[in-house]
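First comes the structure, then the notes that go with it.
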Amino acid sequence: MPRSYIFLFLLAFALLGIFSHASASDLRIGVLSIRNPEDTIKYWQQISDHLNEQIPDNHFVIVPHSYKSMEKAVADGQLEFAVVNPAQYIELEAKYGASAIATQISHSAQTESSYFGTVIFTKSNRADIVTLSDLRGKSLITASKTAFASWVVTRDELMRVGIEYEDLASVKFADSSSDKVVMAVKNGEVDAGSVRTTVLEQMVREGKIDLKDFRILNQKHEEGFPFMLSSELYPEFAFVRLKHTDRKLANYVAAHLLLLPHDKPTTRYPNLIGWAVPDNYEKVGKLLQKWRLPPYENYGKVTFREALRQHWISTVLAFVAFTALWLVVYLGLNIKQRKKNFNILKDAKQKLDLINTMIEATPDAVFIKDKQGRYIFVNPTAALLFGKTAEDIIGKTASDLFTDDVAQVMLDSDSTVKSNLTTVTFEKLYTTTDPPKQMLITKGPMFDSNGEIDAIFAIARDITDLKNMQEEISNKVLQLETALLTVRILEGIIPICSYCKKIRDDEKSWHRMETYISSHSEAKFSHGICPECFDKQLDIIDNLK
């Protein structure tokens, strides 16, 4: 006998001598049903029988559960022990404080194993499904979404060959019944199925199926593992003590589980179920984390409060360092910005000084009114035009400085600028000066940073001399036009024929005298006959008779 078994027997007997229970009561062992409830009770009944025989002061009963009902029963305190797959054990441990007291041993012929995996299979006559990759676009059936071996492990194996959930034509679930999964594939209802290891072998022993009807996909052979396999191996089902269950009783149960015969089937122990000390389920937890399954739905996600609670010292130090760095950067940027603003203001002042010098020196009158019509700026020329000092003008309106009719003209032009938001130009005679001056005035809007009209500017240019000159020129032009209307003079030497009296023009052509004169002057001809010529013509007519 191996040394490990000797140690287990010694440990079991030691526990048997130490612990005992005085009161008899039902102790419920919830069993995760991977087949039909009737088959589940039949398969696990030898466990409760063995414990009832070895611990007569208590009565153990098998209670089959689905994955969902198992958690509810644990949460409601309806069970003292449970036999669950490794994934549900991880969840019950995290949520309800359950702890494993033994790991199941599977037995085949002379080989034992405390590990299990997944078997993925199809019908043997499906020539189109030979490898796991051939399941792309095919339908698959498995026990349930929460079944660790038949779905979680299967999905992980499919991903290894590049097949995602969406790549399958459909995925059906058989209400946690592995028997239904196998029969659905056998009857051709789906293309392939997946169950945990040992299921096919059990159904063969029960005479329900013939292995020749099936083809195992992605078949693997692990040393020391006697069952058909398509995936990696994981620790077997766990026998767990729930948090409220007496620890001494749990140790007593664990000792008798380790002593349960499982090397060969007998009438009392027909199913080869054995138990070993609890295995390490870390590999299972990592797979659940990978797929973000309970209890790791939020794996990798840390709330702000949790992060602050766990790392408050680092957070405070980081905040202080960040604040100090921010202050240094802020002060540096502030100084730089202040220097930049100073340079901008300096340049702006220089430009304003230059503009002010130009405005002060210009011969044009420049003044600005605010929105209420009050003068807020006048240059020296404008003050001279008004006949007042700048101090007497600033803050006053046109009505304060001019007669009503003059002020009204100014207000009308201001209103035009405000309403049209445009520049206007007009002429106006200023009578406040001596002598009066004719001014060309341009008014326009000034806007604030929001694009709203804020003031009105005006530039007045003295055009009195220009107007006088224009008037003088107009008079001269009128006089010339009048003279031209009355006379046109023929000047120079005119070439004329001595005999016929025709005149030659610049193009060497000869014209009758009256034609030439008519085209070169305003004179018109009216033909007649003088007395002398009249007498001569009469003599000629008489001689012709």
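Among the listed residues S399, S419, S413, which satisfies the condition of being assigned to a helix (DSSP H, G or I), hydroxyl-bearing (S, T, Y) and closer than 24 Å to L466 by Cα?
Only one candidate qualifies: S413.
Within the range 148-162, none of the residues are part of a strand (DSSP E or B), in contact with a helix residue (DSSP H, G or I) (Cβ under 6 Å, 6 or more places away or on another chain) and either over 18 Å from K243 (Cα atoms) or modelled with pLDDT under 95 (or both). Within the range 378-401, is even one residue in the same structural domain as A460 (by TED's automatic domain parsing), within 21 Å of I453 (Cα to Cα), surrounded by fewer than 14 Cβ atoms within 10 Å (Cβ to Cβ) and modelled with pLDDT of 80 or more? Yes - at least one qualifying residue is present in the range 378-401.
If you go through the range 450-480 and pick out every residue that is free of Cβ contacts under 8 Å to residues at least 12 places away in the same chain and in contact with a Phe, Trp or Tyr (Cβ under 7 Å, 6 or more places away or on another chain), you end up with 0. Here the range 190-243 is the region considered, the condition is being of a type in the set (V, I, T), closer than 16 Å to H107 by Cβ and buried (at least 20 other Cβ atoms within 10 Å of the Cβ), and the residue that is modelled with the lowest pLDDT is T198. No other residue among V195, V185, V181 is touching a residue at least 60 places away in the same chain (Cβ under 8 Å), of a type in the set (V, I, T) and under 30 Å from A98 (Cβ atoms) apart from V195.
Collect the residues in the range 220-266 that are of a type in the set (S, T, N, Q) and within 17 Å of Q46 (Cβ to Cβ), keeping them in residue-number order.
First, pick out the residues of the range 220-266 that are of a type in the set (S, T, N, Q): 230-231, 245, 251, 266.
Listed by number, the list holds a single entry, T266.
Where the second residue is in a loop (DSSP other than H, G, I, E, B) and the first is within 13 Å of H520 (Cβ to Cβ) and lies in the range 494-510, which pairs have Cβ atoms under 6 Å and are six or more apart or on separate chains? Between residues of the range 494-510 that are within 13 Å of H520 (Cβ to Cβ) and residues that are in a loop (DSSP other than H, G, I, E, B), the close pairs are I503/I494; R504/P495.
A single member of I489, I494 is at pLDDT 75 or above and not in a helix (DSSP H, G or I), and it is I494. Taking the criterion of being polar (S, T, N, Q), in a helix (DSSP H, G or I) and in contact with a helix residue (DSSP H, G or I) (Cβ under 8 Å, 6 or more places away or on another chain), no residue of the range 357-396 qualifies. On inspection, L287 fails the criterion of being within 20 Å of F116 (Cβ to Cβ), surrounded by 11 or more Cβ atoms within 10 Å (Cβ to Cβ) and over 33 Å from the mean Cα position of the chain (by Cα).
Among the residues of the range 185-194, at least one is closer than 18 Å to F116 by Cα and either in contact with a Leu (Cβ under 9 Å, 6 or more places away or on another chain) or not assigned by TED's automatic domain parsing to the domain that holds N85 (or both).
Suppose we filter L354, L333 for residues that are part of a helix (DSSP H, G or I), under 33 Å from the mean Cα position of the chain (by Cα) and free of Cβ contacts under 8 Å to residues at least 12 places away in the same chain; which single one remains? Quick ask: steps written out before the conclusion?
On the way: L354 fails: under 33 Å from the mean Cα position of the chain (by Cα).
Among L354, L333, only L333 is part of a helix (DSSP H, G or I), under 33 Å from the mean Cα position of the chain (by Cα) and free of Cβ contacts under 8 Å to residues at least 12 places away in the same chain.
Of all the numbered requirements in (1) out of contact with any strand residue (DSSP E or B) (no Cβ under 8 Å at 6 or more places or on another chain); (2) surrounded by fewer than 21 Cβ atoms within 10 Å (Cβ to Cβ); (3) over 17 Å from P235 (Cα atoms); (4) modelled with pLDDT under 95, K145 misses one, and that requirement is (1).
Which one of these is surrounded by 13 or more Cβ atoms within 10 Å (Cβ to Cβ) and hydrophobic (A, V, I, L, M, F, W, C): A321, A276?
A276
The values are calculated or read from the model by the stated rules, or taken from the named source; none is laboratory data. Only a predicted model underlies this, so the values are computations on that prediction, with no experimental measurement involved. For neighbour counting, all protein chains shown are included, and Cβ atoms are generated from backbone atoms with ideal geometry for every residue, glycine included.
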